[in-house]
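The values are calculated or read from the model by the stated rules, or taken from the named source; none is laboratory data. What you see is a predicted model, and the numbers here were worked out from it, not measured in a lab. Methodologically, a virtual Cβ is constructed for each residue, glycine included, from the backbone with ideal geometry; neighbour enumeration extends over all protein chains shown.
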Amino acid sequence: MATSRISSNSPDAIDVASVMEAFETINKVNIVLIGRVAVVSGSHCLRFLVEAHSKETEIGEAPSLASVNAYLGYGGHKTMEGAIMWALYQLDWQLAEAELRKASKTA
């Protein structure tokens, strides 16, 4: 999941949209991004909940396949785009881990 252009050191909205679209296609999921204000250690920040749902069911009919919280304004994320890209990597890891668990149960 690399950014499409080398014009800056960080991803922009176009990069994030392209990566999200590719992620959904490759993993056969729909991604839901929910943002809200949160208070962490006494400071206000933005909390993004990023979830992957199976394309085979309507969102809400089944639990998400993976979910990640990313905080902007607390910790290492300086931009929304960076926080979302980080969350996509975490979702990818969770989905891969679930596939490995399934494969080890059938072996």
If only one of V50, V37, V29 is within 21 Å of A96 (Cα to Cα) and touching a Lys or Arg at 6+ places or on another chain (Cβ under 8 Å), which one is it?
-> V29
Pairs where the first residue, in the stretch 37-61, is without any contact (Cβ under 8 Å) to a residue 12 or more places away in the chain and at negative phi and the second is in a strand (DSSP E or B) and surrounded by 12 or more Cβ atoms within 10 Å (Cβ to Cβ), C-beta under 8 Å, 6+ apart | V37/C45; V37/L46; V37/R47; V39/C45
Subset of the stretch 18-34, residues without any contact (Cβ under 8 Å) to a residue 24 or more places away in the chain and under 22 Å from L46 (Cα atoms), comes to I34
Any residue in the stretch 72-98 that's assigned to a helix (DSSP H, G or I): show its pairings with residues that are of a type in the set (F, W, Y) and modelled with pLDDT of 95 or more at Cβ separation under 8 Å, as long as the two are six or more apart or on different chains.
-> L88/F23; L91/F23; D92/F23
How many residues does the stretch 39-70 contain that are assigned to a strand (DSSP E or B), modelled with pLDDT of 90 or more and surrounded by 15 or more Cβ atoms within 10 Å (Cβ to Cβ)?
-> 13
Please go through the stretch 1-23 and pick out each residue that is surrounded by fewer than 12 Cβ atoms within 10 Å (Cβ to Cβ), at pLDDT below 95 and assigned to a helix (DSSP H, G or I).
-> A13
Expected single match for at pLDDT 90 or above, among the aliphatic types (A, V, I, L, M) and in a helix (DSSP H, G or I) among I34, I26 is I26
